[in-house]
Amino acid sequence: MLEINKLSCKIGEDRILNSISFKVLPGEICTIIGGSGAGKTTILRILCGLEQRFTGDILVNGDRVRKGANYFGLVPQGCSLFSHFTAVDNVSYALRKVKKYPKARAHAIAAENLAKFGLLDKLTSYPSSLSGGQKQRVAIARTIVMEPKILLFDEPTSALDPEVTRDIIEAIKTLSATGIPILIVTHDLPMARRVATHVIYLDSGSIAEDSGAEEFFSNPRSERARRFLSENIQPC
Amino acid sequence: MFDGFRQIYSEIPYILSGVGVTLSYAVIAVIFGFWSGTLLAVIKISNSCILRSFGSFYTSIFRGTPLLLQLFIIYFAIPQILGIGISAFMAGIVAFSLNSAAYVSEIIRAGIGSVDRGQYEVAKVLGCSRLQIMGDIIFPQAIRNVLPSLVNETIDLLKESALVSIIGEADLLRRANIVASEHYLYLEPLLVAGACYYTLVMILGIFAKLIEKKLSC
């Protein structure tokens, strides 16, 4: 379980996050939505340890964390695959270097995970020869082989076509079925509606609404959320 | 002209043996220049203000003054201060390496900047150390991205090595000049030297293309 208490972030004179608190339970898929500059990505950066300028507590399964590397797995926006490595090397790299697995074992685990995502025939392909959806799946495999306790996605469907988006949603749901809490930051509201169990609407660094996905999309409580939905949602 | 070539025919092997001298300068200076340039690039992107300032100062000095002046300072002025002699070979290697380091550091710094920062962050979140990230992820891609510029720098170094002929080293150009003054014939020996430089640069270009092809993915 991920628990965030009174998380604030101020960079220079800009207050990015304003005392936000929320929980993501095991098996939950929580999406954080909001306009540009609402502070969505900053939350992920803080959780991952990429942004240190914050106050507040982050608890994973009750343990307070300061640096997120051992707890959180991040699938970044745009994948950021290591472009000089093949798919299997992208996935096995951290197993070898961080978990110190022998090459053969790391390779076998990587291949097994890529196979789960239907990429067995792409093991030796370089990122430049993979499609957007394939890259996204390699990025997910690269993250989950490290067995994070919480999985974070930053705009997982940006720049993907509807069919690939559907595949990625299925992949996220399959991962969620294993019980891992998943936090997704997105501005893709149709995707959020299809995947989320829980929605946090962030507005100017504050949580404007925190509710179940069904309730949020059918009957948002706050006026701001209602306006945001009417301005942004497309029929799905 | 053919008559001129006939006259210097027996001297051609002497000029050609300068290829080894020229190459030894270029190869040693490229190796030293590359590694010290890399170190300097890392210094320039470090978190320490003092190190960054040192990096910028170093580059400004070596880019802001002629290479020939630097060679003269190392060959003539340093022995004056330290009271010890320095061979022309050593002076050449030191001057070319230090000078090349300044240029290479800028090339590599640009290469590091060209690698998507997201990769650095992902590797960090995966738990990799800064050294692993730089060594395995960023640096190989940076080098791949700037390979054409590094090849240009190597070609420059190979040609600029001709400056050592001024301090008396018998490199390709100096040997051509010696033959020229012995026979009072300038065009032919200089053409031989020019053909050697050109061939070396072409071979280097072919090697670079092969490496580029191997690194592309």
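The values are calculated or read from the model by the stated rules, or taken from the named source; none is laboratory data. Just so you know, these numbers come straight off a predicted model, no measurement behind them. Methodologically, a virtual Cβ is constructed for each residue, glycine included, from the backbone with ideal geometry; neighbour enumeration extends over all protein chains shown.
Given the residues B:GLY118, B:GLY127, B:GLY135, which is the only one that is at positive phi and either within 23 Å of the chain's Cα centre (by Cα) or not aliphatic (A, V, I, L, M) (or both)? Break it down into steps so the answer makes sense when it comes.
Details: B:GLY118 fails: at positive phi; B:GLY135 fails: at positive phi.
Step by step, each of B:GLY118, B:GLY127, B:GLY135 is checked, and only B:GLY127 is at positive phi and either within 23 Å of the chain's Cα centre (by Cα) or not aliphatic (A, V, I, L, M) (or both).
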Exercise. Within segment A:101-122, restricting attention to residues that are modelled with pLDDT of 95 or more and not in a helix (DSSP H, G or I), which residue is nearest to A:ALA171 (Cα to Cα)?
Worked result: A:TYR101
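Any residue in segment A:222-236 that is touching a strand residue (DSSP E or B) at 6+ places or on another chain (Cβ under 8 Å), farther than 24 Å from A:PHE72 by Cβ and crowded, with 20+ Cβ neighbours inside 10 Å? Let's see the steps before the verdict.
Here is the first cut: in segment A:222-236, the ones touching a strand residue (DSSP E or B) at 6+ places or on another chain (Cβ under 8 Å) are A:222, A:224-225, A:228.
Subsequent filtering for residues that are farther than 24 Å from A:PHE72 by Cβ retains A:222, A:224-225, A:228.
Going one step further and asking which of them are crowded, with 20+ Cβ neighbours inside 10 Å, we end up with A:225, A:228.
Yes, segment A:222-236 has at least one match.
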Exercise. If you go through segment B:64-77 one residue at a time, do you hit one that is within 14 Å of another protein chain (Cβ to nearest Cβ) and at pLDDT 95 or above?
Worked result: no
Exercise. Pick from A:LYS173, A:LYS135: which is in the same structural domain as A:ALA38 (by TED's automatic domain parsing), part of a helix (DSSP H, G or I) and touching a helix residue (DSSP H, G or I) at 6+ places or on another chain (Cβ under 9 Å)?
Worked result: A:LYS173
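Filter segment B:158-174 down to the residues that are assigned to a helix (DSSP H, G or I) and farther than 20 Å from B:LEU98 by Cβ, then identify the one that is nearest to the other protein chains (Cβ to nearest Cβ). Lay out the reasoning, then the answer.
Of the residues in segment B:158-174, the ones assigned to a helix (DSSP H, G or I) are B:158-167, B:172-174.
Of the ones still in play, those that are also farther than 20 Å from B:LEU98 by Cβ are B:172-174.
Values: B:LEU172: 37, B:LEU173: 40, B:ARG174: 43 Å.
Taking the candidates together, the pick is B:LEU172.
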Problem set entry | Residues (of a type in the set (Gly, Ala, Ser) and either more than 9 Å from chain B (Cβ to nearest Cβ) or buried (at least 23 other Cβ atoms within 10 Å of the Cβ) (or both)) located in segment A:81-102 | A:ALA87, A:SER92, A:ALA94
Exercise. Within segment B:180-217, restricting attention to residues that are outside any helix (DSSP H, G or I) and within 14 Å of chain A (Cβ to nearest Cβ), which residue is modelled with the lowest pLDDT?
Worked result: B:CYS217
Exercise. Failed condition for B:TYR25, given (1) modelled with pLDDT under 95; (2) within 24 Å of B:ALA88 (Cβ to Cβ); (3) of a type outside the set (A, V, I, L, M, F, W, C); (4) over 14 Å from the mean Cα position of the chain (by Cα), with all others met?
Worked result: (4)
Exercise. Of the conditions (1) free of Cβ contacts under 8 Å to residues at least 40 places away in the same chain; (2) within 22 Å of the chain's Cα centre (by Cα); (3) within 14 Å of chain A (Cβ to nearest Cβ), B:LEU147 fails just one. Which one is it?
Worked result: (1)
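Go through segment A:20-79 and give me each residue that's among the basic types (Lys, Arg) and surrounded by 19 or more Cβ atoms within 10 Å (Cβ to Cβ). Walk me through it before giving the result.
Filtering segment A:20-79 down to residues among the basic types (Lys, Arg) leaves A:23, A:40, A:45, A:53, A:64, A:66-67.
Those that are among the basic types (Lys, Arg) and surrounded by 19 or more Cβ atoms within 10 Å (Cβ to Cβ): A:LYS40, A:ARG45.
Residues in segment A:55-75: is at least one part of a loop (DSSP other than H, G, I, E, B) and modelled with pLDDT of 90 or more? Break it down stepwise before answering.
Step one: of segment A:55-75, the residues part of a loop (DSSP other than H, G, I, E, B) are A:61-62, A:65-71.
Cutting the leftovers down to modelled with pLDDT of 90 or more gives us none.
No: segment A:55-75 contains no residue that is part of a loop (DSSP other than H, G, I, E, B) and modelled with pLDDT of 90 or more.
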For this session: Quick one: count up the residues across segment B:172-197 that are farther than 12 Å from B:ALA162 by Cα and small (Gly, Ala, Ser).
Result: 3
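Listed residues A:ARG96, A:ARG53, A:ARG45; which is without any contact (Cβ under 8 Å) to a residue 12 or more places away in the chain and more than 17 Å from B:GLN132 (Cα to Cα)? Before you say what the answer is, go through the steps one by one.
Details: A:ARG96 fails: more than 17 Å from B:GLN132 (Cα to Cα); A:ARG53 fails: without any contact (Cβ under 8 Å) to a residue 12 or more places away in the chain.
Of A:ARG96, A:ARG53, A:ARG45, the one residue that is without any contact (Cβ under 8 Å) to a residue 12 or more places away in the chain and more than 17 Å from B:GLN132 (Cα to Cα) is A:ARG45.
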For this session: Please work out if B:LEU126 is surrounded by fewer than 17 Cβ atoms within 10 Å (Cβ to Cβ), without any contact (Cβ under 8 Å) to a residue 40 or more places away in the chain and either of a type in the set (D, E, K, R) or within 14 Å of chain A (Cβ to nearest Cβ) (or both).
Result: no
Seminar exercise, completed: A:ASP14 meets each of (1) in contact with a Cys (Cβ under 9 Å, 6 or more places away or on another chain); (2) modelled with pLDDT under 90; (3) farther than 14 Å from A:ASP203 by Cβ with one exception, condition (1)
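Any residue at all in segment A:148-170 that's under 29 Å from A:ASP63 (Cα atoms) and of a type in the set (Ser, Thr, Tyr)?
No: zero hits.
If a residue must be within 17 Å of A:LEU44 (Cα to Cα) and touching a helix residue (DSSP H, G or I) at 6+ places or on another chain (Cβ under 9 Å), how many such residues does segment A:176-195 contain?
At the first step, the residues of segment A:176-195 found to be within 17 Å of A:LEU44 (Cα to Cα) are A:180-188, A:192.
Now drop any that are not touching a helix residue (DSSP H, G or I) at 6+ places or on another chain (Cβ under 9 Å), which leaves A:180, A:182-188, A:192.
Total meeting the criteria: 9.
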Exercise. Would you call B:ARG52 buried (at least 19 other Cβ atoms within 10 Å of the Cβ) and not aliphatic (A, V, I, L, M)?
Worked result: no
Exercise. What's the number of the condition A:ILE58 fails, among (1) among the hydrophobic types (A, V, I, L, M, F, W, C); (2) at the interface with chain B (Cβ under 8 Å from one of its Cβ atoms); (3) touching a residue at least 40 places away in the same chain (Cβ under 8 Å)?
Worked result: (2)
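Which of the residues spanning segment A:103-116 are closer than 23 Å to A:GLU155 by Cα and either within 13 Å of chain B (Cβ to nearest Cβ) or of a type outside the set (Lys, Arg) (or both)?
The first filter runs over segment A:103-116 and keeps only residues closer than 23 Å to A:GLU155 by Cα, leaving A:113-114, A:116.
A:ASN113, A:LEU114, listed by residue number.
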